[in-house]
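What follows is a structure written as structure tokens; I'll ask about it next.
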Amino acid sequence: MSIVVVGGTKGGVGKTTLATNLAVMRSLAKKDVLLIDADEQGSAADFTAVRNETVAGGAGYTAVKLYGAAVRSEVLRLASKHDDVVIDVGGRDTAGQRAALSIADIYLIPIFPGSFDIWTLEPVAQLVIEARAFNEKIQACCLLNKADPKGADNEEAAAIAKETPGLTYLDCPIVNRKAFRNGAAKGLAVVELKPSDSKAIEEINRLYTATFDIQKVSK
Ligand SMILES: Nc1ncnc2c1ncn2[C@@H]1O[C@H](COP(=O)(O)OP(=O)(O)OP(=O)(O)O)[C@@H](O)[C@H]1O
Ligand SMILES: [Mg+2]
């Protein structure tokens, strides 16, 4: 059983994309998954609504919208009824994100290479420090999303992540690929999309394994 939060304090970096892909993949692995949409934009819930229409048999996981302190209280009540919980939060420092961090096992922070002159990971590191005060088990991991296939921007972003105290750098970059956008539009994980994009699948599989293996190691 793990509670995975996909978050950060930056918008548009792929939190919902990764949260929905991981939730679907975990459900395809026959786990009973609870996907929490803790972002008032409701993108994960929208994804699920599309998915319920496009996939025969339905989404394959349970989706619930929760905001603010209820993210903690309701997930604590619901978690034991499921195998794993994936929480998608908004791209700001919200009460919902803090509530999620207070119960998280794994905090995945996608970062987008480029524009590092205008922002840093400091606010996220600070959130983690505060969360650790009452949730020691939290493992906070940054990874690159919408990365370039290779190049200096990736390396620069990875270096910043590695230098940030309290955060672990997960070496499983997800490259900017159309398959991730196409999947989202259809309510599909990239592993379900036809024609399939083998590189995108390989990348998301690496992240999936890293995410759920961290948990194995820590238990
Ligand atoms: N690896 C990727 N390759 C290509 N497009 C991507 C990738 N990851 C995300 N996207 C696209 O980038 C956009 C933003 O992604 P997403 O909505 O997942 O970000 P977010 O962090 O959840 O945003 P918000 O802060 O608004 O909640 C979407 O159009 C999504 O399809
Ligand atoms: Mg989102």
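What are the pairs with Cβ atoms under 9 angstrom where one residue, in segment 172-183, is in contact (Cβ under 8 Å) with a residue 40 or more places away in the chain and the other, located anywhere, is near ligand 1 (Cβ under 6 Å from one of its atoms) and small (Gly, Ala, Ser)? Sequence gap at least six, or different chains.
ILE174/GLY14; PHE180/GLY14
Among the residues of segment 19-42, how many are part of a helix (DSSP H, G or I) and within 14 Å of ligand 2 (Cβ to nearest atom)? Give the derivation first.
Restricting attention to segment 19-42, the residues satisfying the condition of being part of a helix (DSSP H, G or I) are 19-28.
Add one more test, that the residue is within 14 Å of ligand 2 (Cβ to nearest atom), and what stays is 19-23.
The total comes to 5.
Restricted to segment 125-157, and to residues that are assigned to a helix (DSSP H, G or I) and acidic (Asp, Glu), which residue is farthest from ligand 2 (Cβ to nearest atom)?
The extreme case among them is GLU155.
Checking the condition under 23 Å from PRO113 (Cα atoms) and within 14 Å of ligand 1 (Cβ to nearest atom), which residue from GLY42, GLY8 passes?
It is GLY8.
Can you pull out every residue in segment 35-62 that is over 19 Å from TYR107 (Cα atoms), surrounded by 17 or more Cβ atoms within 10 Å (Cβ to Cβ) and not polar (S, T, N, Q)?
Listed by number, the residues that qualify are ALA45, PHE47, ARG51, ALA59, GLY60, TYR61.
Being in contact (Cβ under 8 Å) with a residue 40 or more places away in the chain and of a type in the set (A, V, I, L, M) is the filter here, so list the residues in segment 66-96 that pass it.
Matches in segment 66-96: VAL75, LEU78, ALA79, VAL85, VAL86, ILE87, VAL89.
Within segment 76-91, is even one residue within 16 Å of the chain's Cα centre (by Cα), part of a loop (DSSP other than H, G, I, E, B) and either near ligand 2 (Cβ under 10 Å from one of its atoms) or of a type in the set (D, E, K, R) (or both)?
Within segment 76-91, one or more residues are within 16 Å of the chain's Cα centre (by Cα), part of a loop (DSSP other than H, G, I, E, B) and either near ligand 2 (Cβ under 10 Å from one of its atoms) or of a type in the set (D, E, K, R) (or both).
(1) within 16 Å of ligand 2 (Cβ to nearest atom); (2) surrounded by 14 or more Cβ atoms within 10 Å (Cβ to Cβ); (3) not basic (Lys, Arg): which one isn't true of ILE160, the others all being true?
Condition not satisfied by ILE160: (1).
Here's the yes/no breakdown for (1) β-branched (Val, Ile, Thr); (2) under 28 Å from ALA59 (Cβ atoms):
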{"residue": "SER115", "(1), (2)": "no, no"}
{"residue": "GLU122", "(1), (2)": "no, no"}
{"residue": "LEU127", "(1), (2)": "no, no"}
{"residue": "ILE138", "(1), (2)": "yes, yes"}
{"residue": "THR164", "(1), (2)": "yes, no"}
{"residue": "ILE174", "(1), (2)": "yes, yes"}
{"residue": "LYS178", "(1), (2)": "no, yes"}
{"residue": "LYS186", "(1), (2)": "no, yes"}
{"residue": "ALA189", "(1), (2)": "no, yes"}
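Let me ask something additional. Give the residue, chosen from ALA99, ALA45, ALA56, ALA63, that is without any contact (Cβ under 8 Å) to a residue 24 or more places away in the chain, of a type in the set (A, V, I, L, M, F, W, C), more than 19 Å from LYS146 (Cβ to Cβ) and outside any loop (DSSP other than H, G, I, E, B).
It is ALA45.
Each reported figure results from applying straightforward, stated rules to the coordinates on display, with no laboratory input. Since we're looking at a predicted model, the values are computed, not measured. Please note: Cβ atoms are built from the backbone with ideal geometry, for glycine as well, and neighbour counts cover all protein chains shown.
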